[in-house]
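FYI, it's all coordinate maths here, none of it is from the lab. In this text, all values refer to a predicted model and were calculated from it rather than measured experimentally. Positions of Cβ are backbone-derived with ideal geometry, glycine not excepted, and every protein chain shown enters the neighbour counts.
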Amino acid sequence: MLVNFSDGKLSSNGRRKMIYINDHEIALDMEEKLEPWTSYGNVVRYAMDFIKNCPIDKRNNLAWYLQYSCFWTDPLRPAIWPDNPAGKFAWAMTTLTKYFPYSGDKSFIDIVRQMLDRLWEYRTPDHFEWKDVPYASAHPGTGIYFGSRADGEFVTECDKIAQVGRAYVDFYELSGEECYLQIGIHCADELVRHLRSGNESQSPLPFRVDVRSGKIIEEYTADMIQPVRLFEALIDLGYTTYQPYLEHIWDWIVQNPIQNNVWKGYFEDIRIDPENANRDQLSALETARYIMENTAKFSDWQAIARNLIEWVKGTLGGHSFFTAIPIHEQKFCYYPMGSHTARFGSLCCMYAALSGEENYKEMGIRSLNWATYMANENGLVTVGIDRPDYYNQCWFTDGYFDYVPHFLHAMAFVPEKAPFNEDHLLYSTSVVQDIQYQPLSIRYRIFQPNSKQKFRLTYLPVTVQVDGKEIPQQEITPDRASWVVESEDLKVIQIQPFGREITILGRVES
């Protein structure tokens with residue numbers, strides 16, 4: 001590990017030994033618990049500034065994120081490693097749904113549109129068994145997608161079809177452009193067409209398939225929360241015919257990985273695993289996220305979510321580093337990484353806020369603090385700390401699109417970690433279509449009127465208007481539009497609008 005570990009005792013010259021994670025000297029509080037090297041807000045800003053100014057490949061005039069999965073930092077150059085377009089672009093959409101409302105920065109919308117359009121351009125042809133679906137992997141440096149190691153050429157992954165299908169639906173809700181909804185529906189229909197019974201060794205949809213013949217290359221993935229999320233989004237839009245398919249997959253999740261903890265089958269570049277020997281944190285924690293986002297549906301949500309968090313901690317957690325727990329990516333790539341540690345940390349914070357179990361908040365914050373040490377002021381976010389590769393390598397997923405959203409998510413549940421001197425939307429249960437920040441004024445538009453938003457502000461509002469009418473400041477209940485101050489000290493408010501156009505107004509304090 002690139003950590004100059006020390007017990008903090010004085011060296012022979014009387015000076016305290018310095019300890020670094022990557023290029024940052026660690027910061028500790030009075031109890032010698034790990035603090036971040038910089039704020040969570042800065043981590044988000046540094047990373048997103050790099051993406052908006054991403055290097056362009058002179059050979060084909062394409063940004064690196066359209067054709068590479070990762071790049072080296074010293075010197076700065078692309079890494080010749082299989083690309084992962086579907087999952088990468090789906091995570092970019094996840095980032096967009098959180099970063100745009102937080103920042104008001106519209107430039108990232110066009111970046112994600114370019115990704116989704118290009119992925120659809122290079123989909124499978126309609127005479128294949130899996131017709132008009134995206135590829136999970138690609139040869140690097142081409143911007144042309146048709147599979148690559150370890151999937152194989154003309155092979156894709158079913159959970160990625162679902163994950164990016166949900167991304168297309170989300171982009172429709174953001175943009176209002178029907179074509180993206182139709183792509184999401186088509187992805188869902190192809191999944192339904194190939195849905196099967198599942199058991200402990202085969203999932204309702206296989207992991208890897210040859211798109212030409214339909215031959216199954218790898219039977220099992222626990223990442224079945226992706227089709228659940230796609231079907232749920234379409235059901236919410238009125239496409240209720242997907243309900244039995246959602247229930248079929250959810251029942252399998254409950255009866256199999258939630259019971260036996262065979263959580264594996266997400267990462268594109270991992271070798272085929274017919275014995276199901278691998279374990280990864282992503283499928284388990286993203287299932288925990290879904291459960292915590294839908295606590296009203298699950299009477300036992302607390303026990304299941306806690307068990308998933310504890311399983312990841314026990315199976316893939318590293319040694320405590322000044323009380324911070326770094327998280328390894330998976331058994332087959334057993335390295336602690338910033339994005340997965342941030343995912344774990346943010347979901348611990350979410351669990352603590354929902355359950356009242358404060359010890360998870362402390363655990364989550366320390367893991368997030370560890371993850372900050374991957375980011376740098378120049379926008380380079382290294383994947384991890386281990387030599388010879390990970391301290392010198394950046395991934396567009398693990399350093400950006402599957403890293404940034406975890407800090408944004410954490411701020412919603414630990415708002416004291418959000419910038420105190422800026423106005424930010426921290427959380428919304430609806431896609432935010434537009435938002436404009438002005439001094440003492442925020443105007444935003446949402447897709448789903450029946451939703452909630454949380455802000456940390458630099459002022460307390462004097463009025464909140466929805467569709468031109470003032471709504472009362474009073475306790476939020478399920479049946480009325482209102483807003484409430486959650487914390488006067490932090491200036492955190494929550495709004496339940498029951499409308500689409502919202503205005504928050506403050507006034508200059510005398």
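Structure notes:
- The phi-based Karplus calculation (6.51 cos²θ - 1.76 cosθ + 1.60; θ = phi - 60°) puts the 3J(HN,Hα) values of segment 164-180 at 6, x, 5, 4, 5, 5, 4, 5, 4, 5, 6, 9, x, 8, 4, 4, 6 Hz, whole numbers, x for Gly and Pro.
- Each residue, Asp74 and Val484, gets one label point 7 Å from its Cα in the Cβ direction; the gap between the two is 5.1 nm.
- Peptides 140-149, 409-418 ordered by average Cβ neighbours within 10 Å, highest first: 409-418, 140-149
- Pairwise FRET efficiency - Glu177 versus Asp29, Cβ, R0 = 45 Å, nearest 0.05: 0.40
- Long-range HN-HN contacts of Leu426 with modeled amide H, under 5 Å: Lys454, Phe455, Arg456
- Think of it as helices only: each DSSP H run of n ≥ 4 in the chain is worth -39500 (n - 2.57), and spread over all residues that comes to -11500 deg cm²/dmol at 222 nm.
- Around Pro336: net Lys/Arg minus Asp/Glu count, Cβ-Cβ under 9 Å: -2
- Extension gain from Asp57 to Arg149, taking 0.36 nm per residue of separation minus the Cα-Cα distance: 30.9 nm
- Proximal lysines relative to Lys297, as straight alpha-carbon distance under 19 Å, when same-chain residues fewer than 8 apart are discounted: Lys452
- Taking amide H as placed 1.01 Å from N in the peptide plane, Glu35 has its amide H under 5 Å from the amide H of Ala27, Leu28, Asp29, each at least 5 places away in sequence or on another chain.
- Gyration tensor (alpha-carbon) shape descriptor, segment 115-234, a/c threshold 1.5: oblate
- Partner aspartates and glutamates for Lys491 [C-alpha distance under 15 Å; skip if fewer than 8 residues away on the same chain]: Glu416, Glu422, Asp423, Glu509
- Shape of the chain, Cα gyration tensor, a/c cut at 1.5: rounded
- FRET efficiency, Glu275 to Asn378 (Cβ-Cβ, R0 41 Å, nearest 0.05): 0.45
- Sequence-ordered 3J(HN,Hα) estimates for segment 338-352 from the Karplus curve with 6.51, -1.76 and 1.60 and θ = phi - 60° stand at x, 5, 6, 5, 5, 4, 4, x, 5, 6, 4, 5, 4, 4, 4 Hz, glycine and proline given as x.
- Cα gyration tensor shape of segment 424-505, rounded if a/c is under 1.5, else prolate or oblate by comparing a/b with b/c: rounded
- Spatially close Lys pairs in segment 23-142, defined by Cα atoms under 24 Å apart and a spacing of eight or more places or different chains, total 8.
- Taking a straight line from the alpha carbon of Lys331, these aspartates and glutamates sit under 13 Å away, with near neighbours fewer than eight places off in the same chain left out: Asp273, Asp280.
- Estimated vicinal HN-Hα couplings, Hz - segment 434-446 in sequence order (Karplus 6.51, -1.76, 1.60; Gly, Pro = x): 7, 8, 10, 9, 9, x, 6, 7, 10, 10, 8, 10, 10
- Computed magnitude of the charge dipole of segment 403-494 (debye, nearest 20; Cβ of K, R +1, Cβ of D, E -1): 200 debye
- Using C-alpha pairs under 8 Å with a sequence gap of at least 6, the mean separation divided by the residue count of the chain gives a relative contact order of 14 percent.
- Point-to-point label distance, Asp110-Val254, nm (Cα→Cβ direction, 7 Å offset): 4.7 nm
- Peptides 43-52, 123-132 ranked from most to least packed give 43-52, 123-132, packing being the mean of other C-beta atoms within 10 angstrom over each peptide's residues.
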